[in-house]
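The values are calculated or read from the model by the stated rules, or taken from the named source; none is laboratory data. Fair warning: this is a prediction, and the values are worked out from it, not measured in the lab. Cβ placement follows ideal geometry from the backbone for every residue including glycine, while neighbour counts extend to all protein chains displayed. Just so you know, the surface numbers come from the protein's heavy atoms only, side chains and all, with ligands and any DNA or RNA stripped out. Shrake-Rupley method; radii C 1.70, N 1.55, O 1.52, S 1.80 Å.
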Amino acid sequence: MAFILTAMTLDNFGTWLEIDLDRIEKNFHILERTAGCKVMPVVKANAYGHGLEKAAARLETAGANWFGVARIEEAMLLRGAGIKANILVLGYTSPTRVPHAIKENVTLTVYDFDVARQYQEQSDAISTPVKVHAKIDTGMGRLGIQMERSVEFIRYLQESSCIQLEGIFTHFACADEPDADTTNQQLERFNQILDQAGISDRSSLLIHAANSAGTLEFPSARFDLVRTGIAIFGLSPSRAVALPAGILPALSWKTRLISVKTLPPGHGVSYGFKYITQKEERIGVIAVGYGDGLRRTPGNHVLIRGKKVEVIGNVCMDQCMVQLDSLPDAQIGDEVVIIGDQNGASISATDIANHWQTINYEVICGLASRMPRYYLKLNGHA
Ligand SMILES: *Cc1c(COP(=O)(O)O)cnc(C)c1O
């Protein structure tokens, strides 16, 4: 679902996201200046909830010539939207999709001899090499050829006529933590492998290692390119990582007050009556629920008329209730902010993540596709 909205249609919705593409573009330029190398915006998971096609189109206009995605399906959506830049699929791609990748000029990740051989068979059958980046496991314990075989793996790929090796990369496990030892050790191992494989600074291969945290905290991890996801969208990877000045969140999440009632004392509210009124209470209903990505965790808060009010009772799929005794003037139609600013007050995705005991990444990736996405300040970009 890709909703493109104008201000005229905003009144039509119960809950929606407002996305500031100017901020995404600005964040990209700040990261370019900070990193001093190529910046690959990582736009997997619907551009971290911001809308894959619109975010990528703006970033491409701003000069991005690489995009990172997790799945080939995401790469195909980008090509379908007319994105011409290079695309690297960071995760697994089935060998059966290799012909599609070749046809659409999508670069795949190889991390294993068996997978590489299967890709070779596929590209050999259509006599066109598949572009790949080799991924090395320098300590993350996820995808990547193990250290001991990585030099041999790089040579194997370089010698294959059915494979065009374009880049070599690794991924950090702990770049967002205050303790730098693990990342420095991973970096050292990565440099060692590049050395042993005879890959110099002048090599035409693209060497990359850093995610947002690695980019900001480890200048020597920047190499030829950095893979920034969360920072492009204006959020910090963790408490331990400070964002450069000027990087700002690009997304707000809003809903409306759709009912206001005064309930008598002892009245249950929502499924399971987890909340029962103590006295006569003003209870509002807002048009957002777990079907949109608002978790059932008790104690959520939202902003109404610039004031933080508590969500009470169980969150339902499409609605939840708020306690309005502190807001006697609140009325049906009032705008409610779940993420964003209102009259000087603000709630961030990170605030919500702290309350849910998770990370801001999971909060924004959980923003349901059914919610309309409204793009602010289009600046003439369609
Ligand atoms: C998701 C991902 C990134 C981006 O990470 P951020 O922390 O959002 O910057 C970079 N590289 C790989 C391999 C990834 O999977």
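What the table shows:
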| item | result |
| --- | --- |
| Residues that are within 16 Å of the ligand (Cβ to nearest atom), more than 20 Å from residue 74 (Cβ to Cβ) and in a loop (DSSP other than H, G, I, E, B), drawn from the range 9-48 | 37 |
| One residue from 96, 128, 109 being within 18 Å of residue 207 (Cβ to Cβ) and either crowded, with 19+ Cβ neighbours inside 10 Å or in contact (Cβ under 8 Å) with a residue 12 or more places away in the chain (or both) | 109 |
| Flag for residue 291 being touching a residue at least 60 places away in the same chain (Cβ under 8 Å), part of a loop (DSSP other than H, G, I, E, B) and more than 20 Å from residue 355 (Cβ to Cβ) | no |
| Residue match in the range 25-36 (condition: of a type in the set (S, T, N, Q), within 17 Å of residue 224 (Cβ to Cβ) and open to solvent by 10 Å² or more (accessible area, probe 1.4 Å)) | yes |
| Residues located in the range 76-96, provided they are away from the ligand (no atom under 14 Å from the Cβ) and either in contact with a Pro (Cβ under 6 Å, 6 or more places away or on another chain) or hydrophobic (A, V, I, L, M, F, W, C) (or both) | 76, 77, 78, 81, 83, 85 |
| Any hit, the range 75-92, residues being over 20 Å from residue 21 (Cα atoms), of a type in the set (S, T, N, Q), open to solvent by 10 Å² or more (accessible area, probe 1.4 Å) and part of a helix (DSSP H, G or I) | no |
| Enumerated strands (runs of 3 or more DSSP E) restricted to the range 204-287, each holding at least 3 residues that are away from the ligand (no atom under 12 Å from the Cβ) and either surrounded by fewer than 16 Cβ atoms within 10 Å (Cβ to Cβ) or outside the structural domain of residue 348 (by TED's automatic domain parsing) (or both) | 251-263 |
| Residue in the range 114-136 that is within 16 Å of the ligand (Cβ to nearest atom) and hydroxyl-bearing (Ser, Thr, Tyr) present | no |
| Residues that are more than 12 Å from residue 252 (Cβ to Cβ) and in contact with a strand residue (DSSP E or B) (Cβ under 7 Å, 6 or more places away or on another chain), drawn from the range 337-361 | 345, 352 |
| Conditions (1) within 16 Å of the ligand (Cβ to nearest atom); (2) surrounded by 19 or more Cβ atoms within 10 Å (Cβ to Cβ); number of the one not met by residue 140 | (2) |
| Enumeration of residues in the range 144-175 that are open to solvent by less than 50 Å² (accessible area, probe 1.4 Å) and either over 19 Å from residue 90 (Cα atoms) or assigned to a loop (DSSP other than H, G, I, E, B) (or both) | 144, 151, 160, 162, 171, 172, 173, 174, 175 |
| Residue satisfying condition, being in a helix (DSSP H, G or I), under 21 Å from residue 87 (Cα atoms) and among the aliphatic types (A, V, I, L, M), within set 116, 134 | 116 |
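Residues checked against (1) at pLDDT 95 or above; (2) among the aliphatic types (A, V, I, L, M):
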| position | (1), (2) |
| --- | --- |
| 307 | yes, no |
| 311 | yes, yes |
| 317 | yes, yes |
| 322 | yes, yes |
| 346 | yes, no |
| 359 | yes, yes |
| 371 | yes, yes |
| 378 | no, yes |
